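The structure appears below as structure tokens.
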Amino acid sequence: MQFRYTAQDPSLSRARRITQILLDMYNDGQFDEVNMIFTYMDTSTPAEAVMEKLLPLHKAEFLPVGNVDDIYQEEFFMHPSEEAVINNLVPNYMVGFIYCALTESYMCEQNSRMTAMKAATDSADEMLKELNKTYNHLRQSSITQEITEVIGGAKALKKKG
């Protein structure tokens, strides 16, 4: 399943629609897993395509990094049931993740446009400098030519008279 051009106008409603389509297809058994490919940009690196697995969720992916024995843990109960809580959390988790990916992709696109426009502006500025130098050189040559002609004409008149 592909969702194209979704980063043009990222919104929570679009993320919810995508999530619902994916969950329906996953629950119907049309997919074994759901992966999302999107552009991501860290502040120190240019945008790159990344792939993140959305479904199925595995408990190990949500455990904290480090020694789990140091974390205070107590038994807790879920009401109405664990399944009901998970059925509510998973869609919300996916909506948040998909919305984040959409906005990240949009930001990468805008950053790429901004970078391209800066490069084009810098290139145009450099071109204008070179054209200005060429214009001034030609103008100076033309003025020098005119002065030389005037001096030559003045010398010719002086010799005649």
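The values are calculated or read from the model by the stated rules, or taken from the named source; none is laboratory data. Just so you know, these numbers come straight off a predicted model, no measurement behind them. All Cβ positions, even for glycine, are placed from backbone atoms using ideal geometry, and neighbour counts span all protein chains on display. Note: accessible area is taken over every heavy atom of the protein model, side chains too, but ligands, DNA and RNA are not part of it. Shrake-Rupley method; radii C 1.70, N 1.55, O 1.52, S 1.80 Å.
Report yes if some residue within the stretch 81-95 is assigned to a loop (DSSP other than H, G, I, E, B) and either farther than 30 Å from E33 by Cα or among the hydroxyl-bearing types (S, T, Y) (or both); otherwise report no. If you could, list the steps in order and put the result at the bottom.
We begin by selecting, within the stretch 81-95, every residue assigned to a loop (DSSP other than H, G, I, E, B); these are 81.
Still in the list and also either farther than 30 Å from E33 by Cα or among the hydroxyl-bearing types (S, T, Y) (or both): 81.
Among the residues of the stretch 81-95, at least one is assigned to a loop (DSSP other than H, G, I, E, B) and either farther than 30 Å from E33 by Cα or among the hydroxyl-bearing types (S, T, Y) (or both), which makes the answer yes.
If a residue has to be more than 30 Å from A116 (Cβ to Cβ) and part of a loop (DSSP other than H, G, I, E, B) to count, how many in the stretch 38-59 make the cut?
Initially, the stretch 38-59 is screened for residues more than 30 Å from A116 (Cβ to Cβ), giving 53-59.
In the following step, the residues that additionally are part of a loop (DSSP other than H, G, I, E, B) were identified as 56-58.
Final tally of qualifying residues: 3.
Take the residues in the stretch 107-122 that are touching a residue at least 40 places away in the same chain (Cβ under 8 Å) and of a type in the set (A, V, I, L, M, F, W, C); name whichever of them is surrounded by the most Cβ atoms within 10 Å (Cβ to Cβ).
Going through the stretch 107-122, the residues touching a residue at least 40 places away in the same chain (Cβ under 8 Å) turn out to be 107-109, 111-112.
Pick out the ones that are also of a type in the set (A, V, I, L, M, F, W, C) and you get 107-108.
Values: M107: 16, C108: 19.
Checking each candidate, the answer is C108.
So is N35 part of a helix (DSSP H, G or I), exposed (fewer than 12 other Cβ atoms within 10 Å of the Cβ), at pLDDT 85 or above and not small (G, A, S) or not? Reasoning before the result, please.
Details: part of a helix (DSSP H, G or I): no; exposed (fewer than 12 other Cβ atoms within 10 Å of the Cβ): yes; at pLDDT 85 or above: yes; not small (G, A, S): yes.
Spelling it out, it is not the case that N35 is part of a helix (DSSP H, G or I), exposed (fewer than 12 other Cβ atoms within 10 Å of the Cβ), at pLDDT 85 or above and not small (G, A, S).
Among the residues that make up the stretch 70-82, is at least one of them under 26 Å from F31 (Cα atoms) and open to solvent by 100 Å² or more (accessible area, probe 1.4 Å)?
yes
Condition first: closer than 22 Å to P10 by Cα, among the aromatic types (F, W, Y) and surrounded by 10 or more Cβ atoms within 10 Å (Cβ to Cβ). Can you find one or more residues in the stretch 123-135 that meet it?
Restricting attention to the stretch 123-135, the residues satisfying the condition of being closer than 22 Å to P10 by Cα are none.
The answer is no; no qualifying residue exists.
On the phi < 0 side of the Ramachandran plot, in a strand (DSSP E or B), at pLDDT 85 or above and surrounded by 10 or more Cβ atoms within 10 Å (Cβ to Cβ): is that true of I21 in this structure?
On the way: on the phi < 0 side of the Ramachandran plot: yes; in a strand (DSSP E or B): no; at pLDDT 85 or above: yes; surrounded by 10 or more Cβ atoms within 10 Å (Cβ to Cβ): yes.
No, not satisfied.
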